[in-house]
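All remarks here apply to the structure that follows.
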Amino acid sequence: MRSLDRANVKNKKVLVRCDFNCPLDEKGNILDDYDIERTIPTIEYLVQKQAKVILMSHLDEPEGRVIEKLKLTPIQDHLFEYLDLSISKAPDCIGDNVQKIIQEMLSGEILLLENLRFHKEEKENNENFAKELASLGDVFVNEAFGVCHRPHASIVGIPKYLPSFAGFLLQKEVETLTNILEKPRRPLIAILGGVKASTKIPAIERFLKIADFVLVGGKIALEIKLSHKKLILPEDYNKDLDIGEKTIEIFKKIIQEAGSLVWNGPMGYFEKEEFEKGTKEIAMAIANSKAFKIAGGGETSLAISKYNLKEKFNFISVGGGAMLEFLAGEKLPGLEALSFYH
Ligand code: 3PG
């Protein structure tokens, strides 16, 4: 993987794949913009180096259709708040109109392309779509660690056609997670929760191989059909929407003994006050432990912000699924593509 600081970007059109997939409320408002805040050093670096900065991202799951509330306008607004530089937004992410806007860009300017997943070809990793995206730039930067587990066009397709580099945040993610994977302080405890059974259950199976204990809460705990000596499931619930008092105490005791902690996924429906106790207490127990602690994923970061615990974590990964796969020793297609073609 080549680092962005080795790229010659002056006066070049630099396509930056970001992960601006921020958690949203029902109306489409951004609940937490940490994913945006953390790409600012890369954007500032490129502006300072006089590149033409073209940012792209997906937001949520529009399934190949244009959905008004999933347009990236709120992302543009939040970027503006951090950068205090003008940022234009293109009406799409490919096409003649976008090409024309880019041709007219001056060095040091920033353009945000529209939601990549408005085109179903993004997730299909369609070759022509990847070529069209690549044709917009001279250089590609992957700053979207959180999407590197997805073999999508903007992640694995573009590096076939452009000199490609790892963004600063992506490098930091890989470095930190490699350290915990290779030499974790033991005992290593994974705490997993949330609702996405399709990604979480394979992650639980993989963590059972590397961790000393795997604590599972959230909706997935109700669906899991495994039994294993390292697997600790809830003993009681609060109406199936949160872990119960007894479970909170058991989990807290194990967390206190940890050398390293990896947390992904809330313990219950923490957005509602009556079901937040499990997530809040476990978040605080993790934050106050002396272990090396990392967390990752959109909902997990949101909970950490809600309880003001950000500063207490050694690292918060932008990736949910990507972090889990990386720590389980899987090869992420996005990282492979960065190393393979260049
Ligand atoms: C994330 O939020 O974890 C990444 O942006 C990936 O999103 P996805 O699960 O919709 O692919």
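The values are calculated or read from the model by the stated rules, or taken from the named source; none is laboratory data. This one's a predicted model, so the numbers in the text were calculated from it and none came from an experiment. In this analysis, Cβ positions are derived from the backbone assuming ideal geometry, glycine residues included, and neighbour counts consider all displayed protein chains. For the accessible areas, the whole protein counts, side chains as well, though only heavy atoms, and no ligand, DNA or RNA atoms are used. Shrake-Rupley method; radii C 1.70, N 1.55, O 1.52, S 1.80 Å.
Leaving ligands, DNA and RNA out of it, report the carbon-plus-sulfur percent of the accessible area of the range 129-198 at a 1.4 Å probe. On the range 129-198, the fraction of accessible area on carbon and sulfur atoms equals 54 percent.
So how strong a dipole does the chain carry about its Cα centre when Lys and Arg Cβ are +1 and Asp and Glu Cβ are -1, to the nearest 20 debye?
Numbers: 46 positive and 51 negative charges, 234 e Å.
In debye, rounded to 20, the chain gives about 1120.
With all protein chains in place and a 1.4 Å probe, the accessible surface of the range 1-106 carries 43 percent carbon and sulfur. Ligands, DNA and RNA are left out, and with a 1.4 angstrom probe the accessible area of the range 173-327 is 45 Å² per residue.
Give the calculated FRET efficiency between Asn97 and Ser198 to the nearest 0.05, with a Förster radius of 30 Å applied to their Cβ-Cβ distance. Provide the component values of the computation, followed by the final result.
Numbers: r = 37 Å, r/R0 = 1.22.
According to the calculation, E is roughly 0.25.
Near Leu231: Cβ cut-off under 14 Å, other residues only, Lys/Arg at +1 and Asp/Glu at -1. The net charge is +2.
Remark: the range 13-111 carries a charge dipole of roughly 520 debye about the Cα centre, counting +1 on each Lys and Arg Cβ and -1 on each Asp and Glu Cβ.
Using θ = phi - 60° in the Karplus curve 6.51 cos²θ - 1.76 cosθ + 1.60, the 3J(HN,Hα) couplings for the range 154-162 round to 6, 9, 10, x, 4, x, 5, 10, 10 Hz; x is entered for Gly and Pro. Under the combined filter of DSSP loop state and at most 16 neighbouring Cβ atoms within 10 Å, the range 24-98 retains these GluC sites (Glu not before Pro): Glu26, Glu63.
Between the helical axis of 197-210 and the longest alpha-carbon principal axis of the chain there is an angle of about 70 degrees. Taking a Cβ cut-off of under 11 Å around Asp35, the surrounding Lys, Arg, Asp and Glu residues balance to a net charge of -4, with basic ones at +1 and acidic ones at -1.
Under the rule of -39500 (n - 2.57) per DSSP H run of 4 or more residues, summed and divided by the residues of the chain, what mean residue ellipticity at 222 nm is obtained, to the nearest 500 deg cm²/dmol? Before the final figure, lay out each step's value.
Details: 14 runs with 128 residues, N = 342.
Per the formula, -10500 deg cm²/dmol.
Taking a straight Cα-Cα cut-off under 20 Å and skipping sequence neighbours fewer than 8 places away in the same chain, the lysines within cross-link reach of Lys230 are Lys183, Lys200, Lys209, Lys219, Lys246, Lys252, Lys253, Lys293.
Within the same chain, lysines fewer than 8 places from Lys27 are excluded, and of the rest, those with a Cα less than 18 Å from its Cα are Lys69, Lys71, Lys272. Only aspartates and glutamates eight or more places from Lys13 in sequence, or on another chain, were considered; those with a Cα closer than 13 Å are Glu104, Glu109, Asp138.
Using 0.36 nm times the number of residues separating Glu273 and Glu249, minus their current alpha carbon distance, what extension gain do you get? Working shown, then result.
Working: separation 24, 0.36 × 24 = 8.64 nm, distance 1.94 nm.
Gain in length upon complete extension: 6.7 nm.
So how tilted is helix 245-256 from the main axis of the chain? Cα-based, degrees 0 to 90, rounded to 10. Result, in degrees: 70.
Hey, any idea what the orientation-averaged projected area of the convex hull of the chain's Cα atoms comes to, in nm²?
Details: hull surface 65.5 nm².
The directionally averaged projection comes out at 16.4 nm².
I'd like the distance between the alpha-carbon centres of the range 224-272 and the range 2-56, rounded to an integer number of Å. First find each Cα centre; the distance between them is then 35 Å. Nearest 0.05, what FRET efficiency do Glu26 and Val66 give at R0 = 22 Å with Cβ-Cβ as r? Computed FRET efficiency for Glu26 and Val66 comes out at 0.70.
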